[in-house]
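Structure record follows, encoded as structure tokens.
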Amino acid sequence: MKPTTEDLSIRLRDAEDGEADVPFPDDREPSSGRMRQVRECSRQLSQEDNAEDRSMEWSDLTFTIGSHRILSNITGMIEPGKLTGVFGPSGSGKTTLLNILAGRQNTKATGMSLSGQITTAGSPVDPISFRSNIAYVMQDDSLLPFETPRECLHFSACLRLPRSVTEEQRQEFVENLLSTLHLERCCSTIVGSALVKGISGGERKRTSVGIELITNPRMLFLDEPLSGLDSYAAYTLVVALKELAEADVPVLCTVHQPSSEIFAKFDDVIILHGGEVTYHGPADHISTHFDVLGYPCPANFNPADHVMFLLQKEVPEKLQVIKTSWLDCGTFKKMHDQIVSLRGRSNGHPASSATSHSGAGFCKQLGMLLVREARGTIRNKGILFARLGMSLFLASLYGWLFSGSAAQGDNTHSTEKNCVPSNFSAAGCTGDFQAHFGTIVSLGIMAMMGAAQPVVLQFPQERPVFLREYAAHQYGVVPYFISKTLVEMPVVMLSQIVTFIVTYWWMGLHGSVLLLVLVSWMLGIASSSLALLVGCGVSSAQKAIQLAPLTLIPQMLFSGLFVPVAKIPLSLRWARYLCPLKYAINLMTIIEFQYVKDSIDDCEQEFPQAQCMQQSLGWHGEA
């Protein structure tokens, strides 16, 4: 029913009084009841019916790197049912605090020092051992660009839920989670990337949250989840986090500078400056706290903006007074007493470190990874067509350059001197053989380079996804790389088929086309595996590009193409056995020149060996 003028007037008055709320997309704000149902379903599927909701407390937390103190005597806590935000200027220690609590910060390296106590529900805990209980959403969405939200959630559910869960239960749970996070409209749209159009930034972030909710985490940590989102997308994400917190999941996230609507959704806030706490308590008490300190927040002004501006404009002496006043206020003492009480009830007994459930086995991991890898390869049509197009272009170029070079030496109708006895010339025969052998070498090098170059950048681009999924124990290293190799094999095979369809008859090759394709295919697989190995050893695509020659140059140097093997120093001669190109050229040479050996074998049955060596090519040509 269309609202009346009176209804609109009431809404305007409510908005002016601060009582109106911005609606969730399509006016369907998710209720905490739906989030509780999803969480209860996740708890049952994860076989953790008795898992209790926990708080996390930390006291006197100090972290230093060398002489630089990142965090200084920080005390605080997060509780079930509350959405807690960590605010502060850049460099204030927000992400470091989050990573330490989540067990993702290396604190034992040389020059690093961490002191203080971290507990959960009062029980001492080692963050690194406890991190499997904490869902962590990184600042950059680590999602594959050609997967859809439904496929991302289903992949996580298949690998992280116990084996006893049926496929129907998984699918039903995924659909409920998509509905609760309001991802139904985009559930079949690819995630996308900077170069590929896909879902929106807010939808990507909610997809990342949904992936972490699969296994019913006891806590959810998010690092700068609002970065790169517009105000409305950021608000819808915070609404979803608020409903999750109301479902008794402690939610802790770092936020650089929230809007008024977003700030109003937080239950508690932690404000850091220079690695120290300036306030930690209810969000609606922050204005009162700073008003008492003599820094009143102007009317109709965002308290977060007021405090952030204050922390960056005041002199260090006044900032130190603000930090000291926090330790003397009643809010801090109340929180400190609550932490002491929780630890007293636990009697110092360590908390259980990890959730225990059996995930997917090796075959299941390999199967899911194979399907995902093949799906991504097929959907990435631009790269696939580019690889095949490059193979077609290079094959045409090589075929034109080496046109008839493999058949010139035994061409009985040639007007130039060649290897045929009736038209024999030592210089001409030698030149024809060199061109014939060069044809084989060029095809081998093209197979090696065509397979290695596209793969060397593959892992650096997927590295964040792999690290997130591997840290979540979704799969192992072995099935991951086996799946990539198996999916790469038909692509390399198709490239080699295209190459030899164009070049075989154009160049006038003699060997079995099937065997030549098979050898070049195996060379491509070996080269792509080496390129993948190089890509795994670096952390960025730029470094992978710089190291790409490591997969190509040594093979050409040690395979005997430019320097005879006998001339290579003994200290380096062993390296030729590590070069797939050497074996491939040897095999292709045997296959291509098999007709010469066959003609010599036939001749030696009737004539002396020396005479056969001189006439074998001529007889073959005359035949």
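The values are calculated or read from the model by the stated rules, or taken from the named source; none is laboratory data. The model shown is predicted, which means the values in this text are computed figures rather than measured ones. In this analysis, Cβ positions are derived from the backbone assuming ideal geometry, glycine residues included, and neighbour counts consider all displayed protein chains.
Filtering segment 41-65 to residues that are at pLDDT 75 or above, closer than 15 Å to Gly81 by Cα and outside any strand (DSSP E or B) leaves Arg54, Ser55. Considering every residue within segment 456-467, establish whether at least one is outside any helix (DSSP H, G or I) and either surrounded by 15 or more Cβ atoms within 10 Å (Cβ to Cβ) or of a type in the set (Lys, Arg) (or both). Scanning segment 456-467 turns up at least one residue that is outside any helix (DSSP H, G or I) and either surrounded by 15 or more Cβ atoms within 10 Å (Cβ to Cβ) or of a type in the set (Lys, Arg) (or both). Looking at segment 135-162 only, could you name the residues that are in a helix (DSSP H, G or I) and hydrophobic (A, V, I, L, M, F, W, C)? Selection gives Cys152, Leu153, Phe155, Ala157, Cys158, Leu159.
Exactly one condition in (1) modelled with pLDDT under 90; (2) within 30 Å of Ser129 (Cβ to Cβ); (3) outside any helix (DSSP H, G or I); (4) not polar (S, T, N, Q) is not met by His413; state its number. With respect to (1) modelled with pLDDT under 90; (2) within 30 Å of Ser129 (Cβ to Cβ); (3) outside any helix (DSSP H, G or I); (4) not polar (S, T, N, Q), His413 is out only on (2). Checking Tyr504, Tyr480, Tyr475, Tyr470 one by one, the residue that is of a type in the set (Phe, Trp, Tyr) and not in a helix (DSSP H, G or I) is Tyr475 and no other. Annotation for segment 229-237: at least one member residue is part of a loop (DSSP other than H, G, I, E, B), modelled with pLDDT under 90 and on the phi < 0 side of the Ramachandran plot. If you filter segment 197-211 down to residues that are buried (at least 21 other Cβ atoms within 10 Å of the Cβ) and charged (D, E, K, R), you find that the one that is nearest to Leu161 (Cα to Cα) is Arg206. Against the test of being in contact with an Asp or Glu (Cβ under 9 Å, 6 or more places away or on another chain) and in a helix (DSSP H, G or I), the options Leu515, Leu532, Leu557 yield a single qualifying residue, Leu532.
Out of the residues in segment 246-269 that are without any contact (Cβ under 8 Å) to a residue 60 or more places away in the chain and part of a loop (DSSP other than H, G, I, E, B), which is surrounded by the fewest Cβ atoms within 10 Å (Cβ to Cβ)? Among them, the one singled out is Ser259.
State whether the residues of segment 66-80 include one that is modelled with pLDDT under 90, under 30 Å from the mean Cα position of the chain (by Cα) and buried (at least 20 other Cβ atoms within 10 Å of the Cβ). Looking for residues that are modelled with pLDDT under 90, under 30 Å from the mean Cα position of the chain (by Cα) and buried (at least 20 other Cβ atoms within 10 Å of the Cβ), one finds none in segment 66-80, hence no. For Thr288, the conditions (1) within 30 Å of Glu243 (Cα to Cα); (2) part of a loop (DSSP other than H, G, I, E, B); (3) over 41 Å from the mean Cα position of the chain (by Cα) all hold with the exception of (2).
Residues that are touching a residue at least 60 places away in the same chain (Cβ under 8 Å), part of a loop (DSSP other than H, G, I, E, B) and either farther than 24 Å from Arg170 by Cα or not assigned by TED's automatic domain parsing to the domain that holds Thr148 (or both) within segment 182-226 comprise Asp223, Glu224, Pro225, listed in sequence order.
Whether a residue is modelled with pLDDT of 85 or more, under 14 Å from Ile445 (Cβ atoms), of a type in the set (A, V, I, L, M) and in the same structural domain as Ser520 (by TED's automatic domain parsing) was assessed, and Ala584 passes this test. Of these, Ser442, Ser353, Ser403, which one is modelled with pLDDT of 85 or more, assigned to a loop (DSSP other than H, G, I, E, B) and more than 26 Å from the chain's Cα centre (by Cα)? Of Ser442, Ser353, Ser403, the one residue that is modelled with pLDDT of 85 or more, assigned to a loop (DSSP other than H, G, I, E, B) and more than 26 Å from the chain's Cα centre (by Cα) is Ser403. Taking the criterion of being in a helix (DSSP H, G or I) and surrounded by fewer than 18 Cβ atoms within 10 Å (Cβ to Cβ), the residues of segment 163-181 that qualify are Glu167, Glu168, Gln169, Gln171, Glu172, Glu175, Asn176, Ser179. Annotation: Gly537 fulfils all but one of (1) out of contact with any helix residue (DSSP H, G or I) (no Cβ under 9 Å at 6 or more places or on another chain); (2) exposed (fewer than 14 other Cβ atoms within 10 Å of the Cβ); the unmet one is (1). As a summary of the residue check, Ile128 satisfies the conditions (1) in contact (Cβ under 8 Å) with a residue 40 or more places away in the chain; (2) assigned to a helix (DSSP H, G or I); (3) within 30 Å of Ile339 (Cα to Cα) except for the one numbered (1).
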